[in-house]
Amino acid sequence: MTSGDGAAAGREKVALITGVTGQDGSYLAELLLAEGYQVYGLARRTSLQGTARIDHLAGEPRFRLVEGDLADGGSLHGVVARVKPQEIYNLGAQSYVKVSFDTPEMTGDVTGLGCLRLLEAARRFVPGSRFYQASSSELYGKVVESPQTESTPFHPRSPYAVAKAYAFYATLNYRESYGMFAVNGILFNHESPRRGEEFVTRKISKAAARVATGLQEQVSLGNLDARRDWGFAGDYVEAMWRMLRADRPDDYVVATGESHSVREFCDLAFARIGKPLRWQGSGVEEVGVDEGGSVRVRVDPEYFRPAEVESLLGDASRARDELGWQPKVSFEQLVEMMVDADLERARGRGQGLGAGG
Ligand code: NAP
Ligand code: GDD
C-alpha cells in the first residue's frame, strides 16, 4: 500500500472512501478495485497502525491511502482537490452507539459535521461527483412503524443517531440546494468476520469460539431482547455502489426484512460450537446454560444504554425494485460465517481481519 499524490481524473474511474480502515471500507475497496476503479482511502494517523482490514490490499497499484481526518476540513479539501474523485463514499464515523453517550461532542463533530465538511469539499472541487453518505437505521430509533421504509419518520435515540440525522439532512440539503448527486443509504445492521469486537454480534461469535477452544468460560451481555435486522456487510457495500450508479439520486433503505433478537444470535452461535443453550431466569438474572450445566451467557447492566433502540426491521423494496439489489447471505449463514472465522482465529489459524474474512 502506498501513500501518495496524483489526480487520476481523466483516466479510470476514481473513488475516494473515508473510513477505509473500517469493516465496510475494506469490503467496498475490494469491490471497487474488482470493478476497475482507482481507489483512494482516507486514513487518519493513529499511534498504532490500524490497517489490519486492508493490509491484504498492500501492493495493489490502484489502491492508495491518503492522510486526512473528518474533524479537519482543511485535510479533506486538500485530498478532494488533489484526487478529484468522481465517486465519494463517506463511511468514516465514530460508529459505536454506546460510546457516543460518553463522547457526544467528538461523535457529533466526526459523524455529523464531518459529512458536511466533505460535502463542502465536494461542492467546491468536484461538484459533478457522486456522493454517498453512510446513513443508518439508528435514525428510526424509537420506531413509529414497522417495518421501516424511506418514509418512516426519524426519532434518534443517541448522540450517534443525532449526528447521523445531521449528516442525513446535510446530504439531502446539498442535493436540493446545489443539484449534487448526493444520496443516503439507510443501512440496517450489517456484520461480518471483520466486524469490530465491541459490537454485539462479533462479541458473541468471538466468545463462542473462545469457549469452544477453552480460552473463555462465558460472556456478559446487555439487553438480550434487543432485535436487529442483521445482514452481511459484503452484500451491503454492493448496494452503496449501485446507489451511485442509479439514473437519479435518491435515498434507499438497505435491509434483509428479517429481525432477530440478541438471544437468538447467541442460540445459533453456541449451537454452532456444539453447545446449544437453554435460558433460565429473567431480567438481569437471566442466563444461557449449555447441556453440561455451564453458564455461557449472562447479563451485565454495564452494557445497557441510557436510551435503547429496542427493535429494527427494514423494508428494502425500493432498493430491490430500483437498484436490483437484494441480500444473498441469510442470518443463519452470517452467524456461521462469523463463528467459523473466530474459531480459526482462536485456534491460531485465522487469516487476520482482511483477506478471507
Ligand atoms: P467502523 O468499522 O467503525 O469503521 C469506521 C471508520 O471510520 C474507520 O475506518 C475509522 O478509522 C473511521 N474514522 C473514525 N473517526 C474518523 C475520523 N475522525 N476521520 C476519518 N475517519 C475516521 O464502521 P463500519 O461498520 O464499517 O460502518 C461504516 C459506516 O457506516 C459508518 O459511518 C457507520 O456509522 C455506518 N453504518 C454502519 C452500519 C453497520 O451496521 N455496520 C449500519 C449503518 C450505518 P480508524 O480505523 O482510524 O478508527
Ligand atoms: N455492543 C453491544 N454489546 N450491544 C449489546 C450488548 C453488548 O454486550 N448486549 C446487548 N446489546 C444490544 C445493544 O443494546 C443493541 O440493542 C444491540 O445489541 C446491537 O448493538 P450493537 O451491536 O452495538 O449495534 P447497534 O445496533 O447499536 O449499532 C450498529 O448498527 C447501527 C445500524 O442500526 C452500529 O454499526 C452503528 O454504527 C449502526 O449505525
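The values are calculated or read from the model by the stated rules, or taken from the named source; none is laboratory data. None of these values were measured; they are calculated from a predicted model. In this analysis, Cβ positions are derived from the backbone assuming ideal geometry, glycine residues included, and neighbour counts consider all displayed protein chains. Side chains are part of the model used for accessible areas, which takes the heavy atoms of the whole protein and leaves out ligands, DNA and RNA. Shrake-Rupley method; radii C 1.70, N 1.55, O 1.52, S 1.80 Å.
Do any residues in the stretch 58-79 that are of a type in the set (S, T, N, Q) have Cβ atoms under 9 Å from those of residues that are open to solvent by 40 Å² or more (accessible area, probe 1.4 Å), where the two are at least six apart or on different chains, and which pairs are they?
S75/R44; S75/E67; S75/D69
Could you look through the stretch 142-165, keep only residues that are touching a residue at least 40 places away in the same chain (Cβ under 8 Å) and away from ligand 1 (no atom under 13 Å from the Cβ), and pick out the one that is farthest from A226 (Cα to Cα)?
E150
Taking the stretch 268-288 on its own, how many of its residues are in contact with a Pro (Cβ under 7 Å, 6 or more places away or on another chain) and either within 17 Å of A226 (Cβ to Cβ) or in a strand (DSSP E or B) (or both)?
Number of matching residues: 1.
Considering only residues that are surrounded by 13 or more Cβ atoms within 10 Å (Cβ to Cβ) and acidic (D, E), look in the stretch 284-309 and name the one that is nearest to the chain's Cα centre (by Cα).
Filtering first and then ranking leaves E308.
Can you tell me which residue is most open to solvent (accessible area, probe 1.4 Å) among those in the stretch 185-242 that are without any contact (Cβ under 8 Å) to a residue 40 or more places away in the chain and within 16 Å of ligand 1 (Cβ to nearest atom)?
Only one residue fits best here, namely E197.
Do you know which residues across the stretch 167-211 are near ligand 2 (Cβ under 9 Å from one of its atoms) and either part of a helix (DSSP H, G or I) or touching a His at 6+ places or on another chain (Cβ under 7 Å) (or both)?
Listed by number, the residues that qualify are V200, T201, R202, K203, I204.
This table checks each residue for (1) over 20 Å from the mean Cα position of the chain (by Cα); (2) in the same structural domain as L16 (by TED's automatic domain parsing); (3) surrounded by fewer than 22 Cβ atoms within 10 Å (Cβ to Cβ); (4) part of a loop (DSSP other than H, G, I, E, B).
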{"site": "Y132", "(1), (2), (3), (4)": "no, yes, no, no"}
{"site": "E150", "(1), (2), (3), (4)": "no, yes, yes, yes"}
{"site": "R157", "(1), (2), (3), (4)": "no, yes, yes, yes"}
{"site": "A165", "(1), (2), (3), (4)": "no, yes, yes, no"}
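Quick one: in the stretch 49-66, which of the residues that are within 10 Å of ligand 1 (Cβ to nearest atom) and not polar (S, T, N, Q) is modelled with the lowest pLDDT?
Checked the stretch 49-66; the qualifying residue modelled with the lowest pLDDT is G50.
For the stretch 16-63, how many residues meet the condition of being touching a helix residue (DSSP H, G or I) at 6+ places or on another chain (Cβ under 8 Å), within 12 Å of W241 (Cβ to Cβ) and not aliphatic (A, V, I, L, M)?
Looking only at that region, the number is 4.
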